[in-house]
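See structure below.
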Amino acid sequence: MAKNMQSPPPPPSSMVVLSPCAACKILRRRCVDKCVLAPYFPPTEPLKFAAVLKIFGAGNVIKFLQLGLLGVSGRSCRTLIRHHRVIGNRCDTYLDDGWVWLNAKLAFAMDSLRKKCEHVEDSFPTEKCSCSYWTSWVVSLSSLTSDSLITTVLNCRSPNKALELFNAAPEKNTQLYSAIIHVLVGSKLFSHARCLLKDLVENLLVKSHKPYHVSQLAFSALSRLKSSKFTPNVYGELLIVLSKMGLVEEALWMYRKVGAALAKQACNVLLDVLVKTSRFEFLWRIYEEMISNGLSPDVITYGILIDGCCRQGDLLRAHEMFDEMRVKGIEPTVVVYTILIRGLCSENKMEEAESMHRAMREVGVLPNVYTYNTLMDGYCKLANAKQALRLYQDMLGEGLVPDDVTFGILIDGLCKYGDIKTARNLSVNMVKFSVTPSIAVYNSLIDGYCKAGDVSEAMAFFLELERFKVSPDVITYSILIRGLCSAGQIEEADNIIEKMMNEGIPANSVTYNSLIDGCCKEGNMKKALEICSRMTENGVEPNVITFSILIDGYCKIRNLRAAMGIYSEMVIKGLSPDVVAYTAMIDGHCKYGSMKEALKLYSDMLDNGLTPNCHTISCLLDGLCKDGRISNALELFLEKTGFRTTRCDVDAGGTKPSFINHVVYTALIHGLCEDGQIFKAAKLFSDMRCYGLQPDEVIYVVMLQGCFQVKRILNVMMLHADMLKFGVIPNSTIYSILCKGYRESGFLKSALNCSKDLEELH
């Protein structure tokens, strides 16, 4: 031992030591005359010290030199430089405080350490030798019993050293996890503790496959530790981990087990996950228990509660919580204000949202990008792109930098609003702010151009994806296929679906349904069935929408037998027809004149709990009127539209019947006029405006023809004046009807005037 504790080896005699030395220069300290590092690290060879510093650290190098443990000759330093990556990769994890401490904790003799340090050149001549050294080190760990290893971890002087020892352990059982987690939590190293808790839970999940058992096993492992390092705070950390992993039931179990001992942060995390998973019944119960346990809510707690109120649609309670926190002297942050603004936007209360936006400024809380994104999203959902763009300019004026979400909201809103040009300009400006257009932005632009009928420009954007290395997704292809089908380019759409399959992007039901719908609209039912077969072959089962499209396609070509065959197959597969499928079949039977079958389907639809839509009612009304069953049509109209609501009821704020629209009125008024019941038709016509409906050219044409049919010329003149009064400009069809009707009724002067107006139109 004494032999080994000799003075440091002398430096090479030929070495001329300059000042400052490389070591002191790298450490940025003054180099004294008797610097212990100067003889071994001359200023001309800084790489020597850099390599040794990276592995051992400055403090350990100085200790080794003072104790005579490290004879660093020129050759050994070159060896360290050559292998510093290999050594460093291992020493970064295990050697933060040097080899002396680590070997001591592992019951290695100091003499063994000195031998390793003296022969550092021989120990690391190659990567193979380095690996063999660390293998032998790990083997020495494996010789320790589980209890000894746990004791060593608990007795470590610092949590970092305990963590190093844990990481090096060849086998890790739940008790070793428990020990290191208690050590880390007790030292307030919560992020490290949560990582290990998550690792423990995942390992237990693999073994048991039952989350409920996992929470119990983890709790039991943490509770069994008998040591002064035990801390009850580990339960709160376990609850946080379970919550963030989405194991809500397990987190609630933990809360019921140790609720009273939990810290505020753990309760806040649990409350937050309950809000995000819509477990509102537990949210308020746990909040009340939190208060009863003596925990005072902070700004984070109130933010979570306000978010919960907004998600429940209870804005009144959200405002009450907001006022309560201010009364308690807790100042809302930008996050709290933004949560409340988002709740108002979700209820389309944009004026109140803007008011809240101004209020936060008045108290000195400046909105951030997320605040502006929330407001812009609210306006875009209301198709108010103008206000959204105003907010965008305000945001830029305040020096805030828009992100990809900002551009995504604006571009999508503008495309849905139909302002493709502005959306395109915004996408170009993204580069200015170093924001790369995402696939969502491209999808919005492609969809916008497709809906505008400009499929060529949509294809140009699709090809641009490849140039900018942006990978299209299944939504991109589905949008493009739907656009091509709407433009009648079925073959091109079919080629696109083949392309996406070749690129390894599997088509989904939406993609196939878009192509099938395009074929049905073209009347190409054979092609539609081929695509349906291909869909099944590729593992995508036809859904209700698929069958509804096929049924509607066959009904449009008046092949009711095939449509009913598809309907039967749908029922055999266990799929319940939806409103679209029933409406398509009802429409087909009505147009074919089979009112008995149509009414039977309508009855089945009601028996299955489905609510008919406007198109369903209009199809039945049109069918009944054409079949001469006007009284049945009126009865259905009064029953399903709630027309017995009086005009004064509606004027006083009564609810407008859900089926009241132009389609229903046009079908019924046309049927009444054809049957000569002009008085009832006129009554319906006059009551349209009661429900906020302005008669259009089609209804005026129907009414004019009906009045001429029963020779009510005064009513014709009043209708003509009514059109001009409400700004409905008569078209050539209306003037032709007026001219012919006046002439046949003997009103030649009026006929002549209408004839002149007709000529002016041409």
In the stretch 466-485, the residues that are at pLDDT 90 or above and in a helix (DSSP H, G or I): VAL474, ILE475, THR476, TYR477, SER478, ILE479, LEU480, ILE481, ARG482, GLY483, LEU484, CYS485
Quick test for you: out of ASP622, ASP627, pick the one residue that is at pLDDT 80 or above, crowded, with 19+ Cβ neighbours inside 10 Å, more than 39 Å from the chain's Cα centre (by Cα) and among the acidic types (Asp, Glu). ASP622
Pairs please, first residue from the stretch 253-265 and more than 12 Å from PRO232 (Cα to Cα) and part of a helix (DSSP H, G or I), second anywhere and open to solvent by 30 Å² or more (accessible area, probe 1.4 Å) and modelled with pLDDT of 85 or more, Cβ atoms under 6 Å, 6+ apart in sequence or on different chains. LYS264/LEU295
Among the residues of the stretch 473-503, write down those that are closer than 18 Å to TYR442 by Cβ, touching a helix residue (DSSP H, G or I) at 6+ places or on another chain (Cβ under 7 Å) and open to solvent by 30 Å² or more (accessible area, probe 1.4 Å). ASP473, VAL474, ILE475, ARG482
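Please state which one of LEU316, LEU305 is open to solvent by 10 Å² or more (accessible area, probe 1.4 Å) and either out of contact with any strand residue (DSSP E or B) (no Cβ under 6 Å at 6 or more places or on another chain) or without any contact (Cβ under 8 Å) to a residue 24 or more places away in the chain (or both). Give the derivation first.
Working: LEU305 fails: open to solvent by 10 Å² or more (accessible area, probe 1.4 Å).
Only one candidate passes the filter, namely LEU316.
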Kindly evaluate SER438 against the criterion of being under 24 Å from the mean Cα position of the chain (by Cα), more than 24 Å from SER514 (Cβ to Cβ), surrounded by fewer than 17 Cβ atoms within 10 Å (Cβ to Cβ) and among the polar types (S, T, N, Q). no
Mind listing whichever residues of the stretch 214-240 are open to solvent by 80 Å² or more (accessible area, probe 1.4 Å), modelled with pLDDT under 85 and not polar (S, T, N, Q)? LYS226
In the stretch 686-716, the residues that are free of Cβ contacts under 8 Å to residues at least 24 places away in the same chain and either aromatic (Phe, Trp, Tyr) or in a helix (DSSP H, G or I) (or both): SER686, ARG689, LEU714
In this structure, is SER603 touching a helix residue (DSSP H, G or I) at 6+ places or on another chain (Cβ under 8 Å), modelled with pLDDT of 85 or more and among the hydroxyl-bearing types (Ser, Thr, Tyr)? no
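Sort through GLU331, GLU352, GLU324 and tell me the only one that's open to solvent by 80 Å² or more (accessible area, probe 1.4 Å), touching a helix residue (DSSP H, G or I) at 6+ places or on another chain (Cβ under 9 Å) and in a helix (DSSP H, G or I).
Numbers: GLU331 fails: in a helix (DSSP H, G or I); GLU324 fails: open to solvent by 80 Å² or more (accessible area, probe 1.4 Å).
So the residue among GLU331, GLU352, GLU324 that is open to solvent by 80 Å² or more (accessible area, probe 1.4 Å), touching a helix residue (DSSP H, G or I) at 6+ places or on another chain (Cβ under 9 Å) and in a helix (DSSP H, G or I) is GLU352.
Which one is surrounded by the fewest Cβ atoms within 10 Å (Cβ to Cβ) among residues in the stretch 591-619 that are under 15 Å from TYR554 (Cβ atoms) and of a type outside the set (D, E, K, R)? I'd like the intermediate steps shown before the answer.
In the first step, residues of the stretch 591-619 are kept if they are under 15 Å from TYR554 (Cβ atoms); the result is 591-592, 594, 597, 601.
Cutting the leftovers down to of a type outside the set (D, E, K, R) gives us 592, 594, 601.
Working: TYR592: 15, SER594: 17, LEU601: 25.
Checking each candidate, the answer is TYR592.
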Looking at the structure I just gave you, is ASP419 more than 21 Å from the chain's Cα centre (by Cα), touching a residue at least 24 places away in the same chain (Cβ under 8 Å) and open to solvent by 20 Å² or more (accessible area, probe 1.4 Å)? yes
Any chance you could count how many residues in the stretch 269-285 are part of a helix (DSSP H, G or I) and surrounded by fewer than 19 Cβ atoms within 10 Å (Cβ to Cβ)? 6
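Conditions (1) modelled with pLDDT of 85 or more; (2) more than 21 Å from SER686 (Cβ to Cβ); (3) open to solvent by 50 Å² or more (accessible area, probe 1.4 Å), marked per residue:
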{"site": "LEU719", "(1), (2), (3)": "yes, no, no"}
{"site": "LEU724", "(1), (2), (3)": "no, no, yes"}
{"site": "LYS740", "(1), (2), (3)": "yes, yes, yes"}
{"site": "SER745", "(1), (2), (3)": "no, yes, no"}
{"site": "LEU752", "(1), (2), (3)": "yes, yes, yes"}
{"site": "HIS762", "(1), (2), (3)": "no, yes, yes"}
Can you find, within the stretch 200-213, the residue that is nearest to PHE190 (Cα to Cα) among those that are part of a helix (DSSP H, G or I) and open to solvent by 70 Å² or more (accessible area, probe 1.4 Å)? GLU202
Looking only at residues in the stretch 673-713 that are more than 16 Å from ILE734 (Cβ to Cβ) and of a type in the set (Ser, Thr, Tyr), which one is least open to solvent (accessible area, probe 1.4 Å)? TYR691
Restricting to the stretch 561-574, what's the tally of residues that are of a type in the set (A, V, I, L, M, F, W, C) and buried (at least 19 other Cβ atoms within 10 Å of the Cβ)? 3
With (1) at pLDDT 85 or above; (2) touching a helix residue (DSSP H, G or I) at 6+ places or on another chain (Cβ under 8 Å); (3) more than 21 Å from GLN705 (Cα to Cα) as the list, and VAL571 as the residue in question, which single condition is left unmet? (2)
Cβ pairs under 6 Å, 6+ apart, first in the stretch 664-677 and part of a helix (DSSP H, G or I), second open to solvent by 30 Å² or more (accessible area, probe 1.4 Å): THR666/VAL698; ALA667/ASP622; LEU672/LYS680
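So, in the stretch 446-472, how many residues would count as being on the phi < 0 side of the Ramachandran plot and either open to solvent by 70 Å² or more (accessible area, probe 1.4 Å) or of a type in the set (Gly, Ala, Ser) (or both)? Working first, answer last.
Here is the first cut: in the stretch 446-472, the residues on the phi < 0 side of the Ramachandran plot are 446-452, 454-468, 470-472.
Narrowing further to those that are either open to solvent by 70 Å² or more (accessible area, probe 1.4 Å) or of a type in the set (Gly, Ala, Ser) (or both): 448, 451-452, 456, 458, 460, 463, 466-468, 471.
Result for the stretch 446-472: 11.
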Among residues of the stretch 370-387 being at pLDDT 95 or above and aliphatic (A, V, I, L, M), the residue surrounded by the most Cβ atoms within 10 Å (Cβ to Cβ) is LEU375
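The values are calculated or read from the model by the stated rules, or taken from the named source; none is laboratory data. Quick caveat: nothing in here was measured; it's all calculated off a predicted structure. For neighbour counting, all protein chains shown are included, and Cβ atoms are generated from backbone atoms with ideal geometry for every residue, glycine included. Quick note on the areas: whole protein, heavy atoms, side chains included, nothing else; ligands and nucleic acids left out. Shrake-Rupley method; radii C 1.70, N 1.55, O 1.52, S 1.80 Å.
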